[in-house]
Amino acid sequence: MVRYGWILLLLVLLAPGRPAPVQALDNGLALTPPMGWNSWYAFRCNVSSDLIRDQARALVSLGLREAGYRYVVLDDCWSGERDADGRLTAVYPRFAGGIAALAQSIHGMRLKFGIYSSRGPRTCMDFHASQDYEAIDAQTFADWGVDYVKYDNCPWEGVSEDELRSRYQLMRDAILATGRPMLYSLSMWSFRDWHPETGHLSRTTFDIEDNRDNMLNRFDVNAAYAAYARPGYWNDPDVLYFGGGMTTTEYQTYFTLWAVSAAPLMISADLRNLPPGTLEILRQREVIAINQDPAGRQAVQLAEAVPGLQVWGKPLSSGEWAITLLNRTPAPADITFDGGSLGWSRYRVRDVWARADRGTAEPLFTAPVAPYGVVLLRVRALP
Ligand code: GLA
């Protein structure tokens, strides 16, 4: 009798219709924050196969692929009617050649290809999306050669927390079931504690705007979830929207803050027409190395001795720290890092953007920082 009881319990647990047990998303991807390009903020719905190919070519010719930017992500506005088998097609004639051919040409450039869909029946721009077609769509994406799925949260009205969770996890399980390694980027616009087991990325903020105040706000909101960042899961304060709305100094600040946040570095800009000075910013290898550090830690605030003059620290796998001196005020200012905050009395200092060693500090290091600028240091304790 006892034995049959156990069998019965097992049958009940495994009965069809029950939600699958929570399955972590661990398919070996996103061990460091993904880097690439996204179509949305630069092109909105003006996307086509030709445009995506042109931007991918620019990624290569500008040296961005070699700097680490690998994912080319086609955002909203591509998905057309479903065919007789329920499979999505691409809108005609902008994607006349089909998505599989587009993915193939992106792969031919030694890049990876990403695509967009949404948790509800329609995308935010009212194109077809994946609700109730999760398994078919994940398989279609896999068949097309997709490497990255951005999964948005439209239409957003009247959806319960339980529904959100089960829909996002349904797509995760559908992606895993295809067997194709596809990175899963959650675009729910705010963090939930089930996101790290569900996706490789979670958008912690609403859509970013190409201005300084908005950028700093996204950085702050995203910083609240620093404890969750780890290889395989990253907080996502949205793309690098380099559209010309900020000064070169502010774009350098933007890039630095995203790098030390272990944020995905997804450029959303017309690569044929980048704002002055920003290509050099996007290609700075020592900054990228801090973002891609295998320890996968996100910066936390260490000090703010004067309002608006902040010190942020990101521990690195080498035992060094990346220290950001951030001036959020309109005046130039000196900002001091105190090695004592890490328990250090002596340490070596390198100025990362200047690509220059700055000798030894014990235990204070002070640097002048431009209005809305940063100084990024790499520091190593000395005995
Ligand atoms: C939402 C997302 C954006 C973008 C658009 C597309 O607003 O947050 O990143 O994908 O939808 O419609």
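Quick note: the coordinates plus some simple rules give every number you see, no bench work behind them. Remember, it's a predicted structure, so these values are computed and weren't measured experimentally. Positions of Cβ are generated from backbone atoms using ideal geometry, with glycine treated the same way; all protein chains shown enter the neighbour counts.
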| With labels modelled as points extended 7 Å from the Cα through the Cβ direction, what inter-label distance (nm, one decimal) is found for VAL159 paired with ARG283? | 4.0
| Prolate/oblate/rounded call for the range 21-101, Cα gyration tensor, a/c under 1.5 rounded | oblate
| What does the charge dipole of the chain about its Cα centre add up to, to the nearest 20 debye, if the Cβ of each Lys and Arg holds +1 and the Cβ of each Asp and Glu holds -1? | 1000
| query | Quick one: if you stick a label point 7 Å off each Cα along the C-beta vector at ASP338 and VAL60, how many nm between them? | reply | 5.3
| query | Which value, in debye to the nearest 20, gives the size of the charge dipole of the range 165-251 about its Cα centre, when Lys and Arg are +1 and Asp and Glu are -1 at the Cβ? | reply | 440
| Label-point separation (nm) for ASP220 and SER190, each offset 7 Å from Cα along Cα-to-Cβ? | 1.7
| field | Charge context of GLY120, other residues only, Cβ under 12 angstrom, K/R +1, D/E -1 | value | -3
| request: Rounding to the nearest 20 debye, state how big the charge dipole of the range 53-154 is about its Cα centre with +1 on each Lys and Arg Cβ and -1 on each Asp and Glu Cβ. | output: 460
| task | Over all alpha-carbon pairs in the range 169-225, figure out the percentage whose distance exceeds 15 Å. | result | 54
| message | How large is the Rg to Rh ratio of the chain when both quantities use alpha carbon positions and Rh follows Kirkwood? | response | 1.02
| note | By the Cα gyration tensor axes a ≥ b ≥ c (a/c under 1.5 gives rounded; else a/b larger than b/c gives prolate, otherwise oblate), the shape of the range 109-189 is prolate
| request: Rounded to whole Å and sorted largest first, list the principal axis extents of the Cα atoms in the range 229-383. | output: 48, 39, 27
| field | Long-range tail of P(r) for the range 141-255 (Cα pairs > 16 Å, %) | value | 63
| message | So if I take the alpha carbon set of the range 281-334, get Rg, then get Rh from the Kirkwood formula, what is the Rg over Rh ratio? | response | 1.03
| field | Fully extended contour minus Cα-Cα distance, from CYS45 to ALA100, at 0.36 nm per residue | value | 17.8 nm
| request: Work from the charge dipole of the chain (Cβ charges, +1 for Lys and Arg, -1 for Asp and Glu, about the Cα centre) and give the residue of TYR347, GLY373, LEU274 farthest towards its positive end. | output: TYR347
| remark: Out of ARG70, ARG358, ARG172, a Gaussian network model of the chain with alpha-carbon springs under 10 Å gives the largest mean-square fluctuation to ARG358
| task | Restricting things to alpha carbons, tell me how big the range 25-155 is in terms of Rg and Dmax, in Å. | result | 14.2, 43
| task | Using a Förster distance of 30 angstrom, determine the FRET efficiency expected from the C-beta separation of THR178 and VAL300, and round it to 0.05. | result | 0.25
| task | Express in whole angstrom the spacing between the alpha-carbon centres of the range 176-211 and the range 332-359. | result | 34
| query | Hey, in the GNM for the chain with a 10 angstrom Cα cutoff, which one of ASP334, ASP75, ASP236 fluctuates hardest? | reply | ASP334
| query | Along the charge dipole of the chain, Cβ charges K/R +1 and D/E -1, which of ALA229, GLN284, LEU201 sits furthest on the positive end? | reply | GLN284
